[in-house]
Structures are given as structure tokens and as C-alpha cells.
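Here's the structure, in C-alpha cells; my notes come after.
The values are calculated or read from the model by the stated rules, or taken from the named source; none is laboratory data. A quick note: this is a predicted structure, and the numbers were derived from the prediction, not measured. A quick note on method: Cβ atoms are made from the backbone with ideal geometry, for glycine too, and the neighbour counts reach across all protein chains shown.
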Amino acid sequence: MGAAALAGALALSIGALLVDGPQAAVPGAQAAILVDGDFSGSSSGKQLRAEGKAPGWFESRRDKAAGRKRLMLSVKDVAGNTTPKAFIKGSAAYNTYLSQAFTQPQSGTLSLKWDILVKEVGPQYNRSAFQMIGDDSAKGKGPNATGTERFVFLAYENAATKGKLNLFAFEGGDGGLNKRTLVARDLDAGKWYTVRVDADVAGRSYKVTVSGTGTAAQSATVKAFAAKGKQPPSKLTHVSFASWNDGPGAFYVDNVGQP
């Protein structure tokens, strides 16, 4: 090969390395902050509930064994979803939480999404399938267990029409849990929806977008939850899904991760 040809080949090789090699970055790429978002790494409900040293899902409220066991791993066909997914079967006697710690705290902006199917919401309190992003700053009950730990705070309620559900956000303040801001109305019970959250941690607000197959997307921007006399968390460290003894319901969760 002549000198000119050799120089040309070398230039092409260097150019390919710059484009395709390890130096190239994908615009907008984010390091993963969660693991096992599709629950394929969980072999049983026992494994799903267990808290290990490595990142992963666990039952974080520890409200007696009977409460913890209401978090299960489902592999049956649920409205067309045949892959592994988490299932919480709520009870009026227990609190049950599915939680995971982020690999690193989030203090700027955070986008997260998950698929959720709600079977039922208990009518007495008319709130359940709680979806929360916050921290674990209060001692004793695990992440997102108290109002001071919650930033994103979503739940479902029964709509006026039987078989329909509304997704709403708690914004707190002096209204506490009585202040509900509607995010999406008349969603079908027993149908999968994707909930996406785009949080501005410093700005103390977040946008919620709900979409589903054959359903027009609905969205709303709401204030981060603030316990009475407190500010929302300034760093987000955990995501949690829960049913409460004073807000029981039955629901499935799958595909939790960054959009």
C-alpha cells in the first residue's frame, strides 16, 4: 500500500473510532437508577419481598408477616401481560409497600414511568394504589412511609361511573390528604396504563402523564407534596407503590424505569 493510500485508510479508521468507539456519547442518555424494572430478575414473591444488600425491590413497610406477604410476584396473564409483574393485594388490616432505592440520589430533574393496572379500590376511604417518589429520612417505617418523605404522591379513587377510576395527586399543605388534584379521569379498572412522572426537584413540582392503548393521554402539572408546615424532600432516593390499611386496594405494577 502506498503512502497516500495508507494515510487515507488510517484517517478512515480514526474517524470510525471517533463515531462508533467508546468515546461517542448518546445525547440525552441517563445512567440507570433502578434495577429489575420488569421484575424478570425476581424468581418468587419471597425474593421480591426480601431486602438485600444489593439494589433491588423489597417490601419496605414490614407491617407484620401477613402484611408483607400481600406483596406477590405474578406470572399469570393479566389483561394480556404474561410477563412477571408485582401484585399487591390490599387489606384493611395491613400496610404493604413495594420499594426500591435509586442507585444515587436525584436532586435536579427526574423522569420515571411505570405500567399499572388497578383491579379495585376499597370504597370506604376511596383511595389506594399509592405511587410515591421520595426519601427515607424518617426513622422506623421505611421509605415514603410518612408525609415528610413524599415528593411525588399519586393514588387512584373510584370515579362516579362504576368500573371507572380517577388518578389524582395529593399536594398536601394545610389540606393534608383531603386536598386532591385530579390528574386523569374515567380510567378503566382492569386495564393497563402507563404513568410517567417528570419531576423538577428544585422547583418542587412535577408533571404526570397517563396513557393507555386506544386511550387519549391525559396530563397535569402539580405541586410536590408538602406535609403541613414542611417543605418537600430536596433529594429523591426511593420509589414506592403501596396499599394501606386506611386505603386498601388491589393492583399490579410492571416496567418501572426511566423513559
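Summary table
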item: Residue satisfying condition, being of a type outside the set (Gly, Ala, Ser) and outside any strand (DSSP E or B), within set Asn144, Asn166; result: Asn144
item: Flag for Gly173 being small (Gly, Ala, Ser), within 17 Å of Phe251 (Cβ to Cβ) and in contact with a strand residue (DSSP E or B) (Cβ under 7 Å, 6 or more places away or on another chain); result: no
item: Sole exception among (1) buried (at least 21 other Cβ atoms within 10 Å of the Cβ); (2) farther than 23 Å from Phe102 by Cα; (3) of a type outside the set (Asp, Glu); (4) touching a Gly at 6+ places or on another chain (Cβ under 8 Å) for Ala184, by number; result: (4)
item: Restricting the range 201-259 to residues that are of a type in the set (A, V, I, L, M, F, W, C), in contact with a Pro (Cβ under 8 Å, 6 or more places away or on another chain) and not in a loop (DSSP other than H, G, I, E, B), the residue that is surrounded by the fewest Cβ atoms within 10 Å (Cβ to Cβ); result: Ala226
item: The range 118-142, residues that are within 21 Å of Ser60 (Cα to Cα) and either aliphatic (A, V, I, L, M) or surrounded by 20 or more Cβ atoms within 10 Å (Cβ to Cβ) (or both); result: Val118, Arg127, Ser128, Ala129, Phe130, Gln131, Met132, Ile133, Gly134, Asp135, Ala138, Gly142
item: Filter result for Glu149 (among the charged types (D, E, K, R), buried (at least 18 other Cβ atoms within 10 Å of the Cβ), farther than 23 Å from Asn81 by Cβ and in contact with a Pro (Cβ under 9 Å, 6 or more places away or on another chain)); result: yes
item: Test: residue in the range 137-147 that is in contact (Cβ under 8 Å) with a residue 40 or more places away in the chain, in contact with a Leu (Cβ under 9 Å, 6 or more places away or on another chain) and at negative phi; result: yes
item: Filter result for Gly190 (within 17 Å of the chain's Cα centre (by Cα), assigned to a loop (DSSP other than H, G, I, E, B) and touching a residue at least 40 places away in the same chain (Cβ under 8 Å)); result: no
item: Residue pairs meeting the criteria (Cβ under 6 Å; at least 6 apart or on separate chains; first touching a residue at least 24 places away in the same chain (Cβ under 8 Å), in the range 226-242; second assigned to a loop (DSSP other than H, G, I, E, B) and among the hydroxyl-bearing types (Ser, Thr, Tyr)); result: Lys235/Ser107
item: Within the range 37-47, tally of residues that are surrounded by fewer than 17 Cβ atoms within 10 Å (Cβ to Cβ) and without any contact (Cβ under 8 Å) to a residue 40 or more places away in the chain; result: 5
item: Subset of the range 67-88 [among the basic types (Lys, Arg) and crowded, with 17+ Cβ neighbours inside 10 Å]; result: Arg68, Arg70, Lys85
item: Residue satisfying condition, being in contact with a His (Cβ under 8 Å, 6 or more places away or on another chain), modelled with pLDDT of 95 or more, not in a helix (DSSP H, G or I) and not basic (Lys, Arg), within set Ala129, Ala101; result: Ala101
item: Residues of the range 177-187 classified as part of a strand (DSSP E or B) and either hydrophobic (A, V, I, L, M, F, W, C) or in contact with a Ser or Thr (Cβ under 7 Å, 6 or more places away or on another chain) (or both), total; result: 5
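Per-residue answers, yes or no, for (1) more than 20 Å from the chain's Cα centre (by Cα); (2) surrounded by fewer than 20 Cβ atoms within 10 Å (Cβ to Cβ); (3) at pLDDT below 95:
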| site | (1), (2), (3) |
| --- | --- |
| Ala32 | no, yes, yes |
| Val35 | no, yes, no |
| Arg49 | no, no, no |
| Phe58 | no, no, no |
| Ala65 | yes, yes, yes |
| Leu110 | no, no, no |
